[in-house]
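Below is one structure, written out as structure tokens; comments come after it.
Here, each number is a calculation from the coordinates, and none is a lab measurement. As the structure is a computational prediction, the values presented were derived from the model and not from experiment. No Cβ is skipped: glycine too gets one built from the backbone with ideal geometry, and neighbour counts run over all protein chains shown.
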Amino acid sequence: MTAKLPTKDQINSVFAAFSKKEWIIFVALVAILLISTLSILESINKSLMVKIPLRGGSLSEGVIGTPRFINPILASSPADLDMTALIYSGLMRKNTDGTLSLDLAKKYEVSKDSLTYTFTLKDKIYFQNGKPVTADDVVFTVNEARDPVIKSPEQVNWSGVSVAKISDTVVQFTLKQPYPSFLQNMTLGIMPQSLWGNSPIELNNANTNPVGSGPYMIKNAVKESSGVIDSYELIPFKKFVLGEPYIENLSLHFYPDEDSLIDALQNKEVDQISSISPLNADILKERNFEIESSVLSRVFGLFFNQNANRLFTDKVVTTAINQAIDKDEIIREVLFGYGTVIDGPIPPNLTAYRTPKNTTNLSRDQILQNVQNALAKDGWVKGPDGFLQKTTTKSAKKAVATTSKTTSPAAAKTTTTSGTAPKTVATPSKTTAELEFSISTSNAPELAKTALLIQQNLAQVGIKVDIKTFDVGNLNQSVIRPRNYDSLLFGEVVNQESDLFAFWHSSQRKDPGLNVAMYTNAKVDKLLEDAATTVNPQARIQKYIQFENIIKNDMPAVFLYSPNFIYVVSPNVKNLSIEQITSSADRFSNIYSWYIETENVWRVFNK
């Protein structure tokens, strides 16, 4: 016997029998059923859908400075470098984690002796004017970078490297000796020879109307009445080899100083700004702006000049200075947390060389007491002014003439050396040395305040410090180049490990070398020389670790901190990453994958 569905009349009769109360209950139950069903269906739908990037949206950035040389050969200012990073692409591209990946190149091969690198270009790669990128363009760009007449900032990277075209799509580089960081050179933006080859690079109109093969191309340049560029409007380059960028309209606006830059952000003229001071970053954070930061490849320290002040040859003194300086206070009071304490010459973002930091559980008072005890044991005592001094006794030899004995009163009044030799008499001589030195540094607010904190820290243990601040031009010409300082509060840019040679090899002690500590150690020289040509990564790392340990032991400097790159970002931008950054322009390394607009699609349709 099969069950039958109720007829329409039967259903109507049931509804007709409902009381008012029963009708209310029935309607409520039906509503609950409908809402529950819709909720379940919505949950199922959401579980099957995913949010994906959609092309569109606009983004504006503020930059300090005015672009003049938007090309990979002459770019040096932040404005030039930022625009160059957006317009050009190289054979290889730096990733957000610091690694390298193929860009214009399809593949590369390295010879067994690591002296020959052969690159093959990808198929169908173009400049933004529609012309193909060929081996001729690569050779032209590298030769321009190598040209000593042009004096490119990139020239040093191509010393001892020759380049040759093998075919329209194959380029070969030959090195005189192995160069472990050579692949970094391949991020150099490639310039179209057809655009640059007919006039001097410094005078070419393409400096401000650039054409590359990078993710963005120029749509329009907005200029002031004087002709100075106020902003650039950029659009995606649809044939960019790594894929058309998502953000549809990108603009860069240029400002004369940091105050103007911050005003533009707060007035909503721009969405994002970078390279601002920690103080301003702290203020903007309190005003609910979104801040991203990442430690930079910079090493700030107090570099000792032993030739100018012999105090720095005393390991007890340099150790006391190192221990008495409160580095955490500098991070708090000067950098507002946007920095990392360091104790060696290798910046912390070169992670392969990171070694455990020296940590202590001692309180600040205990540390200062230990420093004072060590100095007292070394003979330093407080003088009348409250600062330390040391008195040493030396024997000074003095020649005294003698005379022959005589009973004649007249003769006794006459000094004569006839028949006698001078007699050498040792007489004690006391000298007092003050525990005092000067710090020379830039008048930049962060460095001036750091110097003041160091002065206060060292005064607590009786060390007297005189601070001398200079504008950047004066500091370079009158202080650093002639090595005219006791100690130098200074920052070093260590983009890659090979840069350490310029800062610590003894051959770099005199200008234009950058060994500002005037440091000499034959073992360190050998380690730096060997590491510069050691291709095996693990062997090279070990050499640099040995180098760092020797530097820490010799203490030619007190290493203070590595600052952060600070980026005020729009909350609307997704997939922005500054995980590993060595220069401000690195923030654009993955800009082609940034996005603002999104849409939801079922997972099955998301390829």
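A few remarks follow.
- Size of charge dipole - region 67-112 - debye, nearest 20, with Cβ of Lys, Arg +1 and Asp, Glu -1, no other charges: 200 debye
- Among 38, 179, 250 - extreme Cα towards positive end, dipole of the chain, charges at beta-carbon: 179
- Here the chain was treated as a single set of alpha-carbon atoms; its pair distances binned every 10 Å from 0 give 3, 12, 19, 20, 15, 9, 6, 5, 4, 3, 1, 0, 0, 0, 0, 0, 0 percent.
- With contacts taken as Cα pairs under 8 Å and at least 6 residues apart, region 266-366 reaches a relative contact order of 31 percent.
- Region 455-488 and region 133-164 have Cα centres lying 39 Å from one another.
- Rounded to the nearest 0.05, the FRET efficiency derived from the C-beta distance between residue 111 and residue 150 at R0 = 35 Å is 0.75.
- Spin-label proximity, residue 99 to region 515-548 - amide N less than 15 Å from point 7 Å beyond Cα toward beta carbon: none
- For the chain, the longest principal axis of the C-alpha atoms and the axis of helix 135-146 are separated by about 30°.
- Values of log10 I(q)/I(0), in the order q = 0.22 Å⁻¹, for region 65-211 under a Debye, Cα-only, solvent-free model: -1.63
- Farthest positive-ward along the chain dipole, Cα basis, beta-carbon charges - from 279, 522, 289: 522
- Placing +1 on the Cβ of every Lys and Arg and -1 on the Cβ of every Asp and Glu, with nothing else charged, gives the chain a dipole about its Cα centre of roughly 2020 debye.
- Anisotropy class assigned to region 191-244 is oblate, per the alpha carbon gyration tensor with a/c at or over the 1.5 cut-off and a/b no larger than b/c.
- Ordering 235-244, 79-88, 103-112, 205-214 by mean Cβ neighbour count within 10 Å, with the highest value first, yields 79-88, 205-214, 235-244, 103-112.
- Part-to-part distance (alpha-carbon centres) for region 75-125 and region 218-232, which is given in Å: 29 Å
- Pairs with C-alpha atoms separated by more than 21 Å, drawn from the list 94/574; 131/219; 382/552; 327/526; 526/552, are 382/552; 327/526.
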